[in-house]
Amino acid sequence: MASSKDYLEFILEQLRKLDEISYRAMMGEYILYFKDKIFGGIYDNRFLVKNIESARKLLPNASLELPYEGAKEMLLVDDPEDKELLVQLVSAMYDELPLPKKK
């Protein structure tokens, strides 16, 4: 099932306080970037973030979900209404995220 543009726009609005949030549509889903680093995505209208230590600390009860068959498990953000938590989460993840791969 593809994700809706409305849900993407809702998540982008929640993250509006952060500069340099961008996305790329990919096969009906959306990959999310912060300052050119991938931190998560919208998959089947679920907001998922990378399963890294900084994210686990801020989302200790988050369930692990597969964004799609064959992918690594990601953390489900089950309260996307909490703008402050989302901003804190993405900001905290930034230093731990890998640099973009050279093309």
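Tabulated data for the structure shown
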quantity	calculated
Ranked packing of 28-35, 95-102, most packed first, by mean Cβ within 10 Å	28-35, 95-102
Mean Cα-pair separation over length for the chain, i.e. relative contact order, pairs under 8 Å, 6 or more apart, %	26 percent
Least to most buried among Met93, Met27, Met74 (fewest other Cβ within 10 Å first)	Met27, Met93, Met74
Loop-located trypsin sites (Lys or Arg not before Pro) in the range 43-97 whose Cβ has at most 14 other Cβ within 10 Å (DSSP)	Lys72
Partner lysines for Lys103 [C-alpha distance under 16 Å; skip if fewer than 8 residues away on the same chain]	Lys37
Footprinting exposure proxy for Ser91, Ser54 (fewest neighbouring C-beta atoms within 10 Å first)	Ser91, Ser54
Where only alpha carbons of the chain are counted, the Rg and the Dmax (Å)	12.5, 36
Distance in nm between pseudo-label sites at Lys72 and Val87 (7 Å out along the Cβ direction from Cα)	2.8 nm
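Bear in mind these aren't lab numbers, they're just calculated from the coordinates by the rules spelled out. Since the model is a prediction, treat every value here as computed from it, not as a measurement. With ideal geometry, Cβ positions are generated from the backbone for all residues, glycine too; neighbour counts draw on all protein chains shown.
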